[in-house]
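For reference, the structure discussed in these notes is given below.
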């Protein structure tokens, strides 16, 4: 369940526990344990708006917990040009192979007559394998491409991916029995890039852009991203099934 104190939210269940600094969404999830084992190879879902330095803390207007949802509203800034609202929603896994499922629902609006805004989501990955699972419009598997053979072996070049087709990014950390996957609803997805970390040797940095379209006053744009933790055995089948459920889920017209 969620516990919120001094703008820090903690989710603690078996098998997953993590915390979020709601006042600094660019710091992402600090995943503490999975099956009571410490997690040191994953720093996921670091959210920032276009034009905002990642070190900047947006002005938090309010945050609260409502059932399975953690909700935060932020003031529009001159640099970011949008007023974001973020829902971190813990879903009940519909598949026994899935350990946990977190949905991030993003809402953007602006007070300007017109403009351009987007969300940038960063996930940092330690030692392990990273795969891109391409799927067709019906969520059926099309191809699997291994992007990094072994993250302990540093990427020797910048790898840029443009996911014009729907897809899933699947990370298999070394020496652990679980896998992690990210998926974005196709209409909300933008370019994805993968590069070696300049700060942490042996780590990779996965940057994705979302909701990168023009905006105008009075219009609310929403987008969705899901993060799945699954058992390593049959992980591709598990996340492909989760993606199919994601595609079939209703749009968040209201949240």
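Each reported figure results from applying straightforward, stated rules to the coordinates on display, with no laboratory input. From a predicted model like this one, the values you see are computed outputs, not experimental measurements. Neighbour counts run over all protein chains shown; Cβ positions are idealised from the backbone, glycine included.
A few points about this structure:
- Neighbour-count order for 76, 62, 182, fewest beta carbons within 10 angstrom listed first: 62, 76, 182
- Residue exposure sequence - 83, 179, 77 - by fewest surrounding Cβ within 10 Å: 77, 83, 179
- Whole-angstrom gap from the range 191-225 to the range 16-65, using each part's C-alpha centre: 14 Å
- Between the labelled values (1) 1, 6, 14, 18, 20, 18, 13, 7, 2, 0, 0; (2) 1, 5, 11, 14, 15, 14, 13, 11, 8, 5, 2, 1, 0; (3) 1, 6, 9, 10, 9, 8, 8, 7, 7, 6, 6, 5, 5, 4, 3, 2, 2, 1, 1, 0, 0, 0, 0, the entry that holds P(r) over Cα pairs in 5 Å bins from 0, in percent as derived from this structure is (1).
- For residue 140 and residue 212, the FRET efficiency from 1/(1 + (r/R0)^6), where r spans their Cβ atoms and R0 equals 30 Å, is about 0.70.
- Comparing mean-square fluctuations of 237, 181, 72 from a GNM of the chain with C-alpha springs under 10 Å, the top value falls on 237.
- Each peptide among 217-223, 128-134 gets the average number of other Cβ atoms lying within 10 Å of its residues, and from highest to lowest they stand as 128-134, 217-223.
- Sequence-separation-based contact order of the range 2-248, relative, with Cα cut under 8 Å and 6+ spacing, percent: 18 percent
- Gyration tensor (alpha-carbon) shape descriptor, the range 1-95, a/c threshold 1.5: prolate
- Listing 243, 87, 180 from fewest to most neighbouring C-beta atoms within 10 Å gives 87, 243, 180.
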